[in-house]
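The values are calculated or read from the model by the stated rules, or taken from the named source; none is laboratory data. None of the values given here were measured: they were computed from a predicted structure. As a convention, Cβ positions derive from the backbone with ideal geometry for all residues, glycine included, and neighbour counts pool all protein chains shown. Note: areas computed on protein heavy atoms with side chains; ligands, DNA, RNA excluded. Shrake-Rupley method; radii C 1.70, N 1.55, O 1.52, S 1.80 Å.
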Amino acid sequence: MRRSRSSWTASFAVNRKLFAFASSDRAAVFGALSHSLTLYGIAESHHCGLGLHLLHGLRPKAQIEQLNRHQISVIYATPTQLRMLSGPPAPSVRVVLCGGGHLDEATHAHVAQMFPRAELRAFYGSSETSFVTLTDAQTPAGSVGRAYPGVTLDIRTAQDGVGEVWVQSPYLFDHYVDGDSAATRRDDEGMTVGEIGRLDENGYLFLMGRRDRMVTIADRNVHPEALETLLATLLPDRLSAVTTWPDARRGHVLVAYIETGATAPPDDAWLRQEITKALGATMVPRKIILTAQFPLLASGKPDLAAMTQAQPWP
């Protein structure tokens, strides 16, 4: 995709002020250059005059060693990258800018332990929109935060307050270089990437899922992301993801993939009971698959396409 230089530098100026970036700060990125958060962190660090360390390819313990050795003060990372970190705390880190996935309570607690002096700020956005929202100390559970400075949020075609999230912003991309996305639409009032959500009375945004992932199960519109969020809460030490499969009787069924992990697997009956209590019987997956090899994208997110290439049951 193509975006203007000003769409990036505008957010650089905002972050410099928000996080008091100074030439004495050293920043670190954890992902590959193909990941947008990594590329953004590199560009922002260079623009703001921060020292920069690329930690992609190192083991989590080695990454922590580098943070302490070089007294890193600012890091750009996804929730998955943060969850994997282990070793002694890194007290030099004062800002953790997290994006690219759901930040669950367990990961939040892990970050607090690893970086005891750091301010953790999670943002929601996409490659097309850049920053949309940013969390703060008052962000309620389940919310992705309030509008990032300069951003205006609008919930369109809402039913009971829930509708499509549209964004007015100086940080939007220009256009795709190759191909297009049916989920991405824009008009004179802003742009959407097809996310469904609601705003509470204090302006905090709650996301339900993407329109292009929504399916119908037993005549009910279902967002697989709701189950993914719950699984991350119930099983904080394991990666998990949810896909959907066509079903002649119910329209679709959910299939949950869960990392086997180093400990005993979760009890199937317990897991199904917890899902039923939290989300209802419709959201209980038809199949729960334990997998040792969890396919990941370069961003650290589960590779849903790879998971759906193979039929998950005989």
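Extending each Cα 7 Å along its Cβ direction at Ala137 and Ala269, get the distance between those two points in nm, one decimal.
Result for the modelled spin labels: 4.6 nm.
Can you check what the net charge comes to around Lys61, using other residues whose Cβ is under 15 Å from the Cβ of Lys61 (Lys, Arg +1; Asp, Glu -1)? Intermediate results must be reported in sequence, preceding the final value.
Values: positive: Arg59, Arg69, Arg83; negative: Glu65.
Spelling it out: positives minus negatives among the neighbours equals +2.
With unit charges on the beta carbons (Lys and Arg positive, Asp and Glu negative) and the dipole taken about the Cα centre of the chain, which residue among Leu153, Ala13, Phe131 sits farthest to the positive side?
Ala13
Leaving out ligands, DNA and RNA, what percent of the accessible area of the range 75-225 is carbon and sulfur, probe 1.4 Å?
That fraction is 48 percent.
Among Asp212, Asp267, Asp200, which one shows the highest mean-square fluctuation when the chain is modelled as a Gaussian network with alpha-carbon springs under 10 Å?
Asp267
Taking amide H positions as placed 1.01 Å from N in the peptide plane, with prolines and chain starts having none, which residues 5 or more places from Gly145, or on another chain, fall under 5 Å of its amide H?
Here the answer is Leu205, since their amide H atoms fall under 5 Å of that of Gly145.
From the list (1) 17.0; (2) 18.9; (3) 28.4, can you say which value of mean projected area of the Cα convex hull in nm² was derived from the structure given?
For mean projected area of the Cα convex hull in nm², the calculated option is (1).
Please work out whether the range 57-124 counts as rounded, prolate or oblate from its C-alpha gyration tensor, where a ≥ b ≥ c are the square roots of the eigenvalues and a/c under 1.5 means rounded, while otherwise a/b larger than b/c means prolate and anything else oblate?
Working: a/c = 1.59, a/b = 1.37, b/c = 1.17.
Prolate, since a/c reaches 1.5 and a/b exceeds b/c.
Once amide H atoms are built 1.01 Å from N in the peptide plane, which residues 5 or more positions from Leu290, or in another chain, come under 5 Å H to H?
Here the answer is Ile258, since their amide H atoms fall under 5 Å of that of Leu290.
Given the C-alpha centroids of the range 1-63 and the range 223-300, what is the distance between them in whole angstrom?
The two parts, judged by their Cα centres, are 33 Å apart.
Short version: ³J(HN,Hα) in whole Hz for each residue of the range 160-172, in order, from phi by Karplus 6.51 cos²θ - 1.76 cosθ + 1.60 (θ = phi - 60°), x for Gly and Pro, what are they?
Listing the rounded values in order: 6, x, 9, x, 7, 7, 10, 10, 9, 6, x, 9, 6 Hz.
On average, how much accessible surface per residue is there in the range 94-195, in Å², for a 1.4 Å probe, leaving out ligands, DNA and RNA?
48
Considering only lysines 8 or more places apart in sequence, or on different chains, count the pairs in the chain whose C-alpha atoms sit under 30 Å apart.
5
What value, in deg cm²/dmol to 500, does the helix sum -39500 (n - 2.57) over DSSP H runs of n ≥ 4 give at 222 nm once divided by the residues of the chain?
Counting only the DSSP helices, I get -7500 deg cm²/dmol.
List the relative contact order of the range 180-314 as a percent without decimals, with contacts defined as Cα pairs under 8 Å and 6+ residues apart. Please list the in-between numbers first.
Values: 184 pairs, mean separation 21.9, N = 135.
Reported as a whole number, the value is 16 percent.
Would you mind telling me the antiparallel percentage of the DSSP bridges in the chain, rounded to 5?
Rounded to the nearest five, the antiparallel share is 65 percent.
Taking 8 Å as the Cα distance limit and 6 or more residues as the minimum spacing, I'd like the relative contact order of the range 95-226 as a percentage.
Numbers: 224 pairs, mean separation 22.7, N = 132.
Taking the mean separation of contacting Cα pairs over the length of the range 95-226, I get 17 percent.
When only Cα pairs under 8 Å and 6 or more residues apart are kept, what is the percent relative contact order across the chain?
13
Mind listing the long-range amide H neighbours of Glu119? Cut-off is under 5 Å, sequence gap 5 or more, other chains count too, H placed in the peptide plane at 1.01 Å from N.
Under 5 Å from the amide H of Glu119 lie the amide H atoms of Val95, Val96, each far enough along the sequence or on another chain.
Choose one answer from Ser130, Ser23, Ser73: the residue with the largest mean-square fluctuation in a GNM of the chain with alpha-carbon springs under 10 Å.
Ser23
Could you work out the longest stretch of the chain that avoids the GluC sites (Glu not before Pro) located in DSSP loops with at most 15 other Cβ atoms within 10 Å?
My reading of the result: 1-188 is the longest stretch.
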